[in-house]
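Below you'll find the structure, written out as structure tokens, and then a few comments.
Bear in mind these aren't lab numbers, they're just calculated from the coordinates by the rules spelled out. Source: prediction; values computed, not measured. FYI the Cβ positions are ideal-geometry reconstructions off the backbone, even for glycines, and counts take in every protein chain you see.
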Amino acid sequence: SHTTVDLTKQGDNSNLGNLLADFTFEGADDWAKANGIENGVDGAVINIGGIRTTIGAGDILTKQIYEVMPFENEVIIMKMKGSDLQGLFDYYLKTLKNNPVSHIVIETDTDKITNQLINGKPIDVNKTYYIATSDYLALGGDNMDYFKKGEMISTGIKLRDLFLEKFKENPEIKVPTDLRLNFKNKKNKTDE
């Protein structure tokens, strides 16, 4: 594969983070539809700390994907009630961490959430959602305890294998540019 820009972990909408979150979403969505979850997954959440390095502009080699994702993490789909999914948004409001998301929008201003969407829509508390993530986060890693309220569906897919496959499928990487995380007045939070 090839990228014309540096793929980095910087900022609330890091291009590498969003790209890998999208790859996680796509892989989980394909698996879900092939395994009886007819509408596929609704969103994806990965952790920025799990992305161990960046990828410079130019050719992307297999070795680099192993460096980016040295862990044996598995793609897990969390089946969650809409009423329990509020915990995801509350987590971002509390931490203001740039953990990448796909098909999810979270906007905050100082100490409140101003916009929260999954697949372009507000949460329906009565709906069942399917969120793709890693086994590490599904088990509450990175303090993502809200996932513990859901039911884990194992895909058997290793995140790294999925990323390798997706980079091979995309000879020229198109970096996502949509705004997903937008934390306004973030400085006030860090002073506490």
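Structure notes:
- Cα gyration tensor shape for the stretch 13-108, rounded if a/c is under 1.5, else prolate or oblate: oblate
- Only Lys, Arg (+1) and Asp, Glu (-1) charged, at Cβ; the stretch 107-192 dipole about Cα centre in debye: 100 debye
- Counting only DSSP beta bridges with both residues in the stretch 35-192, the antiparallel share comes to about 80 percent.
- Long pairs among K33/K174; K79/K149; K97/K174; K112/K186; K9/K149, criterion Cα-Cα beyond 19 Å: K33/K174; K97/K174; K9/K149
- Residue-averaged [θ]222 nm for the chain, counting only DSSP H segments that reach four residues, each worth -39500 (n - 2.57): -9000 deg cm²/dmol
- Extension reserve of the N35-Q86 stretch, reckoned as 0.36 nm per residue once the Cα distance is removed: 15.7 nm
- The stretch 14-168 - percent relative contact order, Cα under 8 Å, separation 6 or more: 35 percent
- Sites K148 and D59, calculated FRET efficiency, Cβ-Cβ separation with R0 45 Å, nearest 0.05: 0.65
- Relative contact order, percent, the stretch 64-134 [alpha-carbon distance under 8 Å, six or more residues apart]: 46 percent
- Note on N185 and L139: their simple-model spin labels are 3.9 nm apart, each label 7 Å out from Cα toward Cβ.
- Nitroxide proxy distance, nm - points 7 Å out along Cα→Cβ at N170 and V125: 3.7 nm
- Taken about its Cα centre, the stretch 31-167 carries a charge dipole of about 80 debye when Lys and Arg each add +1 at the Cβ and Asp and Glu each add -1 at the Cβ.
- Once the convex hull of all Cα atoms in the stretch 58-131 is built, its volume per residue stands at 139 Å³.
- Whether the stretch 114-159 is rounded, prolate or oblate, judged on the alpha carbon gyration tensor where a/c under 1.5 counts as rounded: prolate
- Each part gets one Cα centre, and for the stretch 15-38 versus the stretch 130-185 those centres are 8 Å apart.
- Each residue of the stretch 98-107 was assigned a 3J(HN,Hα) from its phi angle through the Karplus curve 6.51 cos²θ - 1.76 cosθ + 1.60 (θ = phi - 60°); the sequence is 8, 5, x, 10, 9, 6, 9, 10, 9, 10 Hz, with glycine and proline shown as x.
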